[in-house]
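Values in this text are rule-based calculations from the coordinates and carry no lab data. Being a predicted model, the structure only gives us computed values, none of them experimental. For neighbour counting, all protein chains shown are included, and Cβ atoms are generated from backbone atoms with ideal geometry for every residue, glycine included.
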Amino acid sequence: MKRRITLIHDAEGEFDPQQAHLTSNSVSIRSLHGARQERLTFELQELPNEKTFGVDSKCTVPESSFIPLNDVAKSGELPYLQFYQILPSLDPLVTYIREAICSKEDAPCRDGASLIRFADTLDIDYDRVLNSFAITVYWSKPVGKGGWDDTVYNHQPNKDKVDIGILAPQPPLEPDELRLGGFLAVLGRDKELTRFSTPTGLHPTLSLSIPQSALSPPPAPSDTVCGLYTYITLPSHLFADKYQLSTTDPLFLQSHNLRSLHHMAGETDLEAPDWVTRRWGSHLLMELATPKPNKKDTKKPKKTSSDDWEIAIPLHLRYLHPSKSGYRNVSAPWPLVFWACTSDDTSKMGINPFDRTHLAWDDLFGAKKTYFYQFHPSPEPVTTNEPAEVPKLVETIQVPVLRINEDAKFMANQARQIEFGTVGVILVGFFWVLWKLGVVVRISGVRSNQALRTRETEKNKTQ
């Protein structure tokens, strides 16, 4: 097992080396303010056999359950695969780690697992080439008001590797450069810190509100072309119509502030109900339109009261299983919005070891050198009297479904009425079309007979 802990000092004050104390098998951190990332890497044989997240996920084998992000024939490489599953809470994972992995005497392990509840993001990746499994957890700020107070141990330095880095941003030399400086250490091997000097209904509409100040391209290198994109992950109960979004109709694109559909994969069947789908859902990459600079357009962009740039993406809901209330609540994650600045330079980009890569959307830009500038989402604050919670970037939608009753006969009658009603509407429409065709044929026949009689009359007159 490999563990990497990275702390990014917020640079509001100079970092005092006394805040970190290194021993032969541990490091202690005191009152450190900043972001934190932990990455745990396991070999496949180190993982348990049971499903930690339950048996309800639509996952059988990777070949049928995961969605590829690129074409093997085009790239010549193994495709990156994506799997998505809504997790209402990380509590089951925390409980599993505390009870099944940490021993009752290992208090640091149990306390560290509890911190996962307050994480901003949690990524789980599997590398088929290295046959390894990685979990990455990120906190944008300390859990406590006094900063990070923690002691990290490595009880088995010969078997496990634990790296720790305490870094702070440094002035960049180039606009697209990210430089970090600080200290690194390997627990159980290093005796001192090492200097690190190198860098709703069935057709809901997804609405994105972007401040006008964020609609200007970022300060990217001069040889790049920037575009505004959104990457949307849709569970199986939601889908987008690829024929609708791939249109070139300027009226549709301008009214929704869209530019073009770049990629869509997964469950895209327009007619299938949710219980027929075999995979977890679908994803799409959409390029968004931005206001045209230095032009006085007669048609102003659609704005809200706060002058935000409004973007609308039409979505559709699949038919779901019946319920007693006649409604079901479904959830969907917030989309990612970012600037992508692509260069024609084919040279290999420098790799930042702290970057989160292969996040599905970044691989869709191919082998070109691309710089990404992500937007920070702003969920609406909770106005209830309940204790404050960390806002979740998940949207819940109430969907109308067939209402069931404890009386089986009532449900059967209701379903039969819907079935007979559907058949009746189809038959009425079919006979209406036949009647219209008959009227057209009859009128055409009458006109043909009249034209024939007119020709015969004129012919008799000429004789």
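Mind scanning Lys58/Lys242; Lys58/Lys161; Lys104/Lys145; Lys141/Lys369 and naming the pairs with a C-alpha gap bigger than 25 Å? Write out the running numbers ahead of the final one.
Working: Lys58/Lys242 23 Å; Lys58/Lys161 34 Å; Lys104/Lys145 28 Å; Lys141/Lys369 31 Å.
Where the Cα-Cα span goes over 25 Å, the pairs concerned are Lys58/Lys161; Lys104/Lys145; Lys141/Lys369.
Below 14 angstrom from the Cβ of Arg39, what's the summed charge of the other residues (Lys, Arg +1; Asp, Glu -1)? Don't skip to the end; give the middle numbers.
Working: positive: Lys2, Arg3, Arg4, Arg36, Lys161, Arg356; negative: Glu38, Asp123, Asp125, Asp127, Asp160, Asp163, Asp355.
Within the 14 Å Cβ shell, the charges total -1.
Packing order of peptides 267-280, 422-435, 27-40, highest average first: 27-40, 267-280, 422-435 (average count of other Cβ atoms within 10 Å over each peptide's residues).
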